[in-house]
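Colleague: To start, I am sharing the structure in question, which I have written as structure tokens.
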Amino acid sequence: MFKPARLLLALGLALPLLGQAAPVATHEPAAYLDLWQLYQKTMESDPRIGGADAQVKASQGQQDGAFGQMLPQLSGGASTSRIKRTEGPQTLFYDGQTYNLSLTQAIYNPAAWRGFKKYSELTKQYRSLAEDTRIQSAADVVQRYFAALAAEDELELATAERQATQRNLDSVTALFDRQLATITDKLQLSARVDSLKTAEIEAKNQIQVTREALAELVGRDIYQPFKRIDDRTLFTALPGTETDWVQSAINHNPALQAKQEALNSAEYAVSEAKAGHLPTLSLQFGAQRSDFAYENVIAADVVDTYSASLNLQIPIYSGGSVSARTRSLYGSQESAEEDYEAVRRQVVKETKTAYLKSFASLSKIESSRNALNSAVKAREASEKSFSFGAATAVDVLNAVRQEYSARRDYLRAQYDFITNQLVLLRWSGDFKDADIQRINAWLTVPKPDETRKTGLKPEDAERG
């Protein structure tokens, strides 16, 4: 009895391609994997997410360092001295110590404030980029999951079509031996069988390729079988008009937000450079304890000195370095503005495209289902006509080919609809974990004795 490729994978019996010997399996057959499980593993192990989070931490450290420049600065010091002092014929040697403590608080320092705001915007930018990375990783795992299902479907359908064509070839061969069929019919059917054998080899290889793509995200090999779309699933479009989705994308897309924050940071960098021409004002408190009275003259007792000062610094000329740095940062600001506009246009385009594809895929599901039903009836009619001699073997071959092509189109329409919905959520910036769970609810464990309406016909399974 014919077994779909996914059952072979479930039993751990799939052999490597190109005739290589199968390695000894070190893992036990596991339960069916679903999309939510792979999503969780991807969020934990995707190195792109880890790298983005690390960049946020690095930027947060820079922001905290810049903020620290505006907080009170406390410093202290100590010194010990050995003094030789000559007064006329008398030479004196004595030791002395000095201790000091200084507290400085910036009152007006525009460069420090604008530098802090620059790093604050950079931190926001990296947080937005980290969020965009997570969403992209989620989109990748969904697309690769359904690509793996499509690859398994291709193997299943190619095998089923080959078996159906082989049965027709056997019938034509028997008729040819009795001189009731032409050699042309026999050769065309034989060529189609050979072609489908090649398709099976390619499908087996594609299964391995798609599973390797998923393994790249989760960080380990995947041997478990996958849950598949429940045939009873009723797909529905996401609410909202195209304008609503585009507006949501402009307001919430994390990649676009990151570009806006990069632009804000560039503007603060320009204003920080300009602050090099502005004065600074600070308040300073000092305390000193010393054994010296003045000019290294030893005091009769310890001398304590306290001071408070208000310091005003006014830059007058710095060799033109401030102006030069400001001009260069204007260029960075213009570049950030162009980057923002480029991403904004991309976000609008991708959102509109995903919206249109999502609705087109939903319509295509219904039309491809109808086409499949018609193709099945056409194949059955061709086979019946062939048995009465009213149709040729080539007619049957074309009908079988059309039926399995319709089956592929129906499955592809379902997968396209799901991935296009997620792409729409990805670009709109409205993606949530609940969206993965909603898609995951459409999946179910396939029963070994269950024939999906998109898979083999009961009579095909029995004959296989």
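Colleague: What are the pairs with Cβ atoms under 6 angstrom where one residue, in the stretch 130-158, is more than 11 Å from residue 408 (Cα to Cα) and the other, located anywhere, is of a type in the set (Asp, Glu) and assigned to a helix (DSSP H, G or I)? Sequence gap at least six, or different chains.
Modeller: Matching pairs, first to second residue: 130/53.
Colleague: Continuing with this model, one more query. Of (1) among the aliphatic types (A, V, I, L, M); (2) over 23 Å from residue 372 (Cα atoms); (3) in contact with a strand residue (DSSP E or B) (Cβ under 8 Å, 6 or more places away or on another chain), residue 148 satisfies all except one. Which?
Modeller: (2)
Colleague: Quick check, is residue 210 at pLDDT 90 or above, among the hydroxyl-bearing types (Ser, Thr, Tyr), in the same structural domain as residue 161 (by TED's automatic domain parsing) and out of contact with any helix residue (DSSP H, G or I) (no Cβ under 9 Å at 6 or more places or on another chain)?
Modeller: On the way: at pLDDT 90 or above: yes; among the hydroxyl-bearing types (Ser, Thr, Tyr): yes; in the same structural domain as residue 161 (by TED's automatic domain parsing): yes; out of contact with any helix residue (DSSP H, G or I) (no Cβ under 9 Å at 6 or more places or on another chain): no.
Answer is no for this residue.
Colleague: Another question, if that's okay. Residues that are at pLDDT 90 or above, at least 2 per element: which helices (runs of 4 or more DSSP H) completely within the stretch 375-464 meet that? Working first, answer last.
Modeller: Working: elements: 393-428, 433-440, 458-463.
Hits in the stretch 375-464: 393-428, 433-440.
Colleague: While we're here: Take residue 350 and decide whether it is at pLDDT below 90, in the same structural domain as residue 425 (by TED's automatic domain parsing), within 30 Å of residue 409 (Cα to Cα) and not in a loop (DSSP other than H, G, I, E, B). Give the steps one after another, and end with the answer.
Modeller: Values: at pLDDT below 90: no; in the same structural domain as residue 425 (by TED's automatic domain parsing): yes; within 30 Å of residue 409 (Cα to Cα): yes; not in a loop (DSSP other than H, G, I, E, B): yes.
Spelling it out, it is not the case that residue 350 is at pLDDT below 90, in the same structural domain as residue 425 (by TED's automatic domain parsing), within 30 Å of residue 409 (Cα to Cα) and not in a loop (DSSP other than H, G, I, E, B).
Colleague: Residue check: is residue 198 of a type in the set (Ser, Thr, Tyr), loosely packed, with under 14 Cβ neighbours inside 10 Å and closer than 30 Å to residue 168 by Cα?
Modeller: On the way: of a type in the set (Ser, Thr, Tyr): yes; loosely packed, with under 14 Cβ neighbours inside 10 Å: yes; closer than 30 Å to residue 168 by Cα: yes.
Spelling it out, residue 198 is indeed of a type in the set (Ser, Thr, Tyr), loosely packed, with under 14 Cβ neighbours inside 10 Å and closer than 30 Å to residue 168 by Cα.
Colleague: Could I ask something else about it? With 283, 238, 263, 256 as the choices, which residue is in contact (Cβ under 8 Å) with a residue 12 or more places away in the chain and in a strand (DSSP E or B)? If you could, list the steps in order and put the result at the bottom.
Modeller: On the way: 238 fails: in a strand (DSSP E or B); 263 fails: in a strand (DSSP E or B); 256 fails: in a strand (DSSP E or B).
Going through 283, 238, 263, 256 in turn, the sole match is 283.
Colleague: Here are the criteria: (1) closer than 30 Å to residue 134 by Cβ; (2) surrounded by fewer than 15 Cβ atoms within 10 Å (Cβ to Cβ). Tell me which single one residue 308 does not satisfy.
Modeller: Exception for residue 308: condition (1).
Residues checked against (1) farther than 27 Å from residue 184 by Cβ; (2) in the same structural domain as residue 186 (by TED's automatic domain parsing); (3) hydroxyl-bearing (Ser, Thr, Tyr):
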position	(1), (2), (3)
364	yes, yes, no
373	yes, yes, no
377	no, yes, no
385	no, yes, yes
389	no, yes, no
392	no, yes, yes
398	no, yes, no
414	yes, yes, no
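The values are calculated or read from the model by the stated rules, or taken from the named source; none is laboratory data. Just so we're clear, the structure is a prediction, and the values are computed from it rather than from any experiment. Every residue, glycine among them, receives a Cβ derived from its backbone with ideal geometry; neighbour counts consider all protein chains shown.
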